[in-house]
Amino acid sequence: MADRRNEPVAVIGLGRFGVALALELVKHGTEVLAVDNDPQEAQRLSGQLPHVVAADATDLEALTQLGINEFGRAVVAIGADIEASILVTSMLAEIGVPDIWAKAQTAQHATILARVGAHHVVTPEHDMGERIAHLLSGHLLDYIEVDDNYAMAKTFPPHDVAGVPLRDSKVRSRYGVTVVGVKSHAPPPGQLSEFTHASGDTVLMSGDVILVVGKVAAVERFAAAD
Ligand code: ADP
């Protein structure tokens, strides 16, 4: 796959999602062309984003004039207007943008976006709802499902894995999870409290914050253990 890390990105639709995305990209040094059909919105954002244009992205001529066909990456961040989101995505595919990301409101919307040419479809509201459901258990400080049924979580170690080197704790065979990172709650004097890689020699203390990976049920069971 081509390395597109430094290529400019066209962000189309400057609602909450599109603006957050564009600002984060700019913050990390990526050139962004931000497009919204609401001139007031475009005007309002021109102080925060270097290249904001008011244009209707369902207009192929407008897209071409903006040079979107030259972009290696584009994100369709139009949400509520599903018709416009589908139209814009299909036009970006037609003009040959090689890496198209699109935001979907529903599962059906996601299916259509993929059919009309989106290479990646994201469903932030749905994904965030699922994530919060896991966080609501109260045992997890953070949670991300990195693949179907495989998750990474930030949590505390149960008592029975604390106080001994990880290799002796049998955490993997007993719980089915791997501890990959640890942030000590009481770092040695002069050292920052930050995450470091966990190894077989790492001794966890209760109160440390750890990162674990494993199957969803295993991660949940581990986090709920005392
Ligand atoms: P969010 O849920 O992220 O706030 P919205 O769907 O509310 O997303 O906002 C999407 C943005 O997309 C709005 O600012 C709207 O003006 C813009 N938009 C809608 N249709 C078009 C279009 N055809 N061309 C460009 N921008 C559009």
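Structure notes:
- The packing ranking, built from the mean of other Cβ atoms within 10 Å per residue, places the peptides 52-58, 186-192, 152-158 in the order 152-158, 52-58, 186-192, highest first.
- Working from the Cα coordinates of the range 106-226, the gyration tensor eigenvalues give, after taking √(5λ), semi-axes of 33, 15, 13 Å in decreasing order.
- In a fully extended conformation the segment linking Asn6 and His120 would gain 39.2 nm over its present Cα-Cα distance, using 0.36 nm per residue.
- P(r) histogram, all alpha-carbon pairs of the range 1-84 included - 10 Å bins from 0, percent: 18, 55, 26, 2
- Spatial separation of Cα centroids for the range 46-90 and the range 182-205, in angstrom: 46 Å
- Inter-label distance, nm, simple model (7 Å from Cα along the C-beta direction), His51/Asp38: 2.3 nm
- Distant alpha-carbon pairs in the chain (separation over 23 angstrom), percent: 59 percent
- Once both labels are positioned 7 Å from their Cα atoms along Cα-to-Cβ, the gap between Asp127 and Asn149 label points is 2.1 nm.
- Secondary-structure-derived ellipticity at 222 nm for the chain, considering helices only, amounts to -9500 deg cm²/dmol, per-run term -39500 (n - 2.57) for DSSP H runs with n ≥ 4.
- DSSP assigns beta bridges within the chain; of those with both partners inside it, close to 55 percent run antiparallel.
- Anisotropy class of the range 133-182 from Cα gyration tensor, a/c 1.5 cut: prolate
- Proximal aspartates and glutamates to Lys27, defined as alpha-carbon separation beneath 16 angstrom and excluding residues fewer than eight positions away on the same chain: Glu7
Laboratory data are not the source of any read-out in this text; all were calculated from the coordinates shown. Since this is a predicted model, take the numbers as computed values, not measurements. Cβ sites come from the backbone with ideal geometry, for glycine too, and all protein chains shown count toward neighbours.
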